[in-house]
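> My questions will all concern the structure given below.
The values are calculated or read from the model by the stated rules, or taken from the named source; none is laboratory data. If you're wondering where the values come from, they're calculated on a predicted model, not measured in any experiment. Positions of Cβ are generated from backbone atoms using ideal geometry, with glycine treated the same way; all protein chains shown enter the neighbour counts.
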Amino acid sequence: MLDEEEEQRIQYRRRMRGSATFFIVISVIGTLGVAVVATLGAGELDPGSLFGALIVTGGMFMAALGAWHGSRSAAISLVAIVCASPLISLFLNISMSAAEWARSIFYAGLALFMTVNTFRFHAASKQLNIPIGGNDLLRLGGSLATWACVVFLGFGSLMVSLGTTTAVLRESEITEAQITWLSEQDFLVGDERPLYLYLDGLFGMELGGSLLTDEYAGGWWKEDGEISSVWIPLGQICEVKQIVEGSFFEDAIYSIHNPGEEHAVELWLSIEGNVHEQFIARMKSINNRRMRPEIRKFCDENRVLDWVEVAAMNGISRDIVAADSVTEEQQNWLREQEYLLDSETILRFYAYGRYGIEEGGTLFTDAYFGGWFESGEEVGSRWFKLGEICKINPPRDASSGAHVFYKIWDAEGKWLDMYLPAHDDQAAELIKAVLELNEKNVTETSRDACENATFEDDADQASK
């Protein structure tokens, strides 16, 4: 007859093996389920997701098998495996049904129960100086295989915590933290919307990625400690080529070309879930919708975009011109906007738009000096009556280098950043002419108003 300690040892083993048997059965069922889904789903399912599910069910099987033979490390790893899914869901704020939560809690509780009894079984066997039995090879194999699975899950969790992912993300899947980082890098500006995002760096967003917004397509990479990026505006992509098809082990690579450029922009995209195809299709759709005939001409002729030539195609000169160079159509537009009155005479005119003068420009008449600009979908303007201009600040270079800004003030503190060409001293000559005619029209009242006015020369304040 067995004594009490031996009976307790056997009870621990029964509990350990009973729990392990349960996990062996459900892991086998799960593995078969993955196989059936893979067979029936064929090309519609993502191989990466199936591979991940197979890793988990296979890891659970090996952990349960090792625990059945008395491996404590395999038992601990099984706890880690069954707890991984709900913990990752909590971290990512992914909703789980009540049934899923109940199942996860049951699995975690049973795995803990099995682990506690495995340790008790070892302690009781040692105290009675009885071998734990089981197969040493299966214990070792179970431990090694399951800890490899735990490392796999840990690796995935680390990627998630760093904001990276193995799949292309749709707009609804891009997190606030990712949007904040993209904005900090100036990869998103103003109201620009991210549509698709893929991060090809394993341990941080800064290592590389591809992004499609409602305005641009491009990507970034890190080299020698610095983040570099390259972007093409939608509407200026001439050609899209797939240079690497991609597989479970490597990203698909697409090259996108703008007019006449020798070095294409490369987009690296995961094929998981085939979302990369949606990325490319959406990019092409927006680009084709925005492609203007002027840009198409440069694409067809494989020439680098020349914006001066584009403007010229639309009757816009890159120089400040006299009245005889302002077309009747342009004058009619100015009158429709009430920027030019019948009583006024044009002295100088400058438009800096590419497709039409409504994009922005400057008008100097015998009565007023000012300009207009696009603001969203509307056109805004500001005008200064000659004789009431108080001062014009010295020019500042624009970021492009092709233009300069002159800031104009009146006595009421109203101001305008005037956008003028930087070449051939045209801007300086225009400003000189404006100041001379302004001085001729100054009254004592306007002079006193300017002398008593205060000006906030803050170049960073919002213009207009």
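> What number goes with the only condition from (1) buried (at least 19 other Cβ atoms within 10 Å of the Cβ); (2) modelled with pLDDT of 90 or more that residue 183 does not pass?
Answer for residue 183: the failing condition is (1).
The rows are residues; the columns are (1) outside the structural domain of residue 274 (by TED's automatic domain parsing); (2) more than 25 Å from residue 274 (Cβ to Cβ); (3) at pLDDT 85 or above; (4) more than 41 Å from the chain's Cα centre (by Cα).
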| residue | (1), (2), (3), (4) |
| --- | --- |
| 132 | yes, yes, no, yes |
| 146 | yes, yes, no, no |
| 151 | yes, yes, no, no |
| 189 | no, yes, yes, no |
| 194 | no, no, yes, no |
| 197 | no, no, yes, no |
| 211 | no, no, yes, no |
| 217 | no, no, yes, no |
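> Please count how many residues of the stretch 252-282 are within 24 Å of residue 185 (Cα to Cα) and touching a residue at least 40 places away in the same chain (Cβ under 8 Å).
11
> Looking only at the stretch 109-126, how many residues end up being surrounded by fewer than 17 Cβ atoms within 10 Å (Cβ to Cβ) and either under 20 Å from residue 25 (Cα atoms) or at pLDDT below 85 (or both)?
Applying the first criterion (surrounded by fewer than 17 Cβ atoms within 10 Å (Cβ to Cβ)) to the stretch 109-126 yields 109, 113, 116, 119, 123, 126.
Right, trim to either under 20 Å from residue 25 (Cα atoms) or at pLDDT below 85 (or both) and you get 109, 113, 126.
Qualifying residue count, the stretch 109-126: 3.
> Please work out which one of (1) out of contact with any Lys or Arg (no Cβ under 8 Å at 6 or more places or on another chain); (2) closer than 20 Å to residue 378 by Cβ; (3) touching a residue at least 60 places away in the same chain (Cβ under 8 Å) is the condition residue 295 fails and give its number.
Result: residue 295 passes all but (2).
> Find the strands (runs of 3 or more DSSP E) located wholly in the stretch 178-288 whose residues include 2 or more that are touching a Ser or Thr at 6+ places or on another chain (Cβ under 6 Å), and list them. Full working, then the answer.
On the way: elements: 194-199, 208-213, 216-223, 226-233, 239-244, 252-257, 265-269.
Counting at least 2 such residues, we get 194-199, 216-223, 239-244, 265-269.
> When you scan the stretch 232-251, how many residues do you find that are in contact (Cβ under 8 Å) with a residue 60 or more places away in the chain and small (Gly, Ala, Ser)? Spell out the reasoning first.
So the first thing to find is which residues in the stretch 232-251 are in contact (Cβ under 8 Å) with a residue 60 or more places away in the chain, and the list is 235-236, 238-239, 248.
Cutting the leftovers down to small (Gly, Ala, Ser) gives us 235.
The qualifying residues number 1.
> Take residue 315 and decide whether it is part of a loop (DSSP other than H, G, I, E, B), of a type in the set (Gly, Ala, Ser) and closer than 23 Å to residue 422 by Cβ. So that I can check it myself, show each step before the final result.
Numbers: part of a loop (DSSP other than H, G, I, E, B): yes; of a type in the set (Gly, Ala, Ser): yes; closer than 23 Å to residue 422 by Cβ: yes.
Yes.
> In the list 26, 81, which residue meets the criterion of being assigned to a helix (DSSP H, G or I) and either at pLDDT 80 or above or more than 21 Å from residue 115 (Cβ to Cβ) (or both)? First the steps, then the outcome.
On the way: 81 fails: either at pLDDT 80 or above or more than 21 Å from residue 115 (Cβ to Cβ) (or both).
Answer to the selection: 26.
> Residue 381: of a type in the set (Gly, Ala, Ser) and part of a strand (DSSP E or B), yes or no? Don't jump to the end; show me each part of the working.
Values: of a type in the set (Gly, Ala, Ser): yes; part of a strand (DSSP E or B): yes.
It is true that residue 381 is of a type in the set (Gly, Ala, Ser) and part of a strand (DSSP E or B).
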